[in-house]
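First up is the structure itself, then whatever we jot down about it.
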Amino acid sequence: MTTKNCNPSAVDHLKIWAEGLVSEGAFSAIALAGRSAKCEFSAYGSCEDAESLFDLASLTKPFLATTALWLAARGELDLQATVFPEAACWAAPDPHSTQAITLDLLLRHLSGAVAWWPVEVLDQGSVLTPRLWGKERGVYSDIGYMAAARWIEAVTERPLWASVERCFGDLLPGLIANKQVVAAPDIDCAISRVLPCRMNSAKEVDLAKGIGVELPLRRAPELGEVQDGNARFLANQSGILAGHAGLFGTIDAALRLGELWLKGSGSRGFQVQMHQEMDSSLDPREGRFLGWFREAASSAQFFHTGFTGGGIWVDRELGTVRVMLGHRTDPMVGLAPIRAGFLELAQKALNEST
């Protein structure tokens, strides 16, 4: 546990709360952190520390969106270019559609892609099958982010992980992908820092039943494998980073991503053009930010959560970032009360500076 200018008793309360979630069996691992201009804290549930790597699940999405903005700022990617149907060897999602699908729409969940589908039952695992498109726009879509990832790879002519690594390599140490994706000599050492995730695939089996597909119940992932079934399938079969999920990260990596977006055009580290892209991306279109969800009608408060239990909350009005990473144990139990409890305790810790 670390604190800087925070009320120690408030942070102690957070640590006790985190330890309780682990001892009660709701989480197998958890890490908490918060930072403002004057104070910061971190706390852990049991055996975790600052070097521990968590399965980020859908927290991969804001990392992907940031990578896309970074590439756009460098002139390597056009967020407004039409993605379909001109790309060679790609099936047009809806050949009769009059509205072009752009990378911007994919990253805002406005492309018309369905929310989820088990790619292992598709031909060659392709997320570009027409039946997955032309649906209601505005649906939160894993499929849309997988398609965005494949488009970025096609344009840059490099694996998505290579672009993520270029974007975050220096700024965010403590970020890796599924072991089949990262071709690095020290990957085994990095994988040893990944905390076990004990969740099986019961939720995906239930989702599949809802669309008339039967999936087998999978065990909890092995060390170095992600929990998300589609991300695991694409990594194991093709060695690629899915885009909607697939990253592991430390609490500091997630916190620093939040800080990057907190400061926007007022921060240093990325070029001015990058920050202009970031600030522009927080202009809501049909209520959607690029890579994030917004709180109510405010453009200054935004967040993203992950299925394994994590979340990043950025508040530009208060100047705070609050991060919770964790591995919950039951995929069928909701996390809303736990997240609300964390946000309240974390804001109290940040408000009560010494």
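Worth a mention:
Residues are listed down the side, and each one gets a yes or a no for (1) in a loop (DSSP other than H, G, I, E, B); (2) among the aromatic types (Phe, Trp, Tyr); (3) more than 20 Å from the chain's Cα centre (by Cα); (4) at pLDDT below 95:
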position	(1), (2), (3), (4)
Phe54	no, yes, no, no
Phe84	yes, yes, yes, yes
Gln99	yes, no, yes, yes
Asp104	no, no, no, yes
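- Number of positions in the range 234-254 that are in contact with a helix residue (DSSP H, G or I) (Cβ under 8 Å, 6 or more places away or on another chain), of a type in the set (A, V, I, L, M, F, W, C), in the same structural domain as Ile143 (by TED's automatic domain parsing) and in a helix (DSSP H, G or I): 1
- Answer residue from the range 236-254, given it is under 16 Å from Leu64 (Cα atoms) and small (Gly, Ala, Ser) and is surrounded by the fewest Cβ atoms within 10 Å (Cβ to Cβ) among those: Ala253
- Pairs where the first residue, in the range 5-16, is part of a helix (DSSP H, G or I) and the second is among the small types (Gly, Ala, Ser) and at pLDDT 85 or above, C-beta under 7 Å, 6+ apart: Ala10/Ala349; Val11/Ala43; Val11/Ala349; Leu14/Ala43; Leu14/Ala346; Leu14/Ala349; Lys15/Ala43
- Breaking point among (1) of a type outside the set (Val, Ile, Thr); (2) closer than 18 Å to Leu103 by Cα; (3) at pLDDT 90 or above; (4) out of contact with any His (no Cβ under 7 Å at 6 or more places or on another chain), for Leu14: (2)
Residues are listed down the side, and each one gets a yes or a no for (1) at pLDDT 95 or above; (2) among the basic types (Lys, Arg); (3) surrounded by fewer than 20 Cβ atoms within 10 Å (Cβ to Cβ); (4) in contact with a His (Cβ under 7 Å, 6 or more places away or on another chain):
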position: Ile152; (1), (2), (3), (4): no, no, no, no
position: Leu171; (1), (2), (3), (4): no, no, yes, no
position: Asp188; (1), (2), (3), (4): no, no, yes, no
position: Ile191; (1), (2), (3), (4): no, no, yes, no
position: Lys203; (1), (2), (3), (4): yes, yes, yes, no
position: Leu215; (1), (2), (3), (4): no, no, yes, no
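- Residue selected from the range 300-338 under the condition of a type in the set (Lys, Arg) and in contact with a strand residue (DSSP E or B) (Cβ under 6 Å, 6 or more places away or on another chain), by the criterion surrounded by the most Cβ atoms within 10 Å (Cβ to Cβ): Arg322
- Restricting Cys167, Cys197 to residues that are part of a helix (DSSP H, G or I), crowded, with 16+ Cβ neighbours inside 10 Å, in contact (Cβ under 8 Å) with a residue 24 or more places away in the chain and not charged (D, E, K, R) narrows the list to Cys167.
- Residues in the range 279-315 that are closer than 16 Å to Leu343 by Cβ, part of a loop (DSSP other than H, G, I, E, B) and of a type outside the set (A, V, I, L, M): Trp292, Glu295, Ser298, Gly306, Gly309, Gly310.
The values are calculated or read from the model by the stated rules, or taken from the named source; none is laboratory data. These numbers come from a predicted model, not from an experiment. We place every Cβ from the backbone using ideal geometry, glycine too, and count neighbours over all the protein chains shown.
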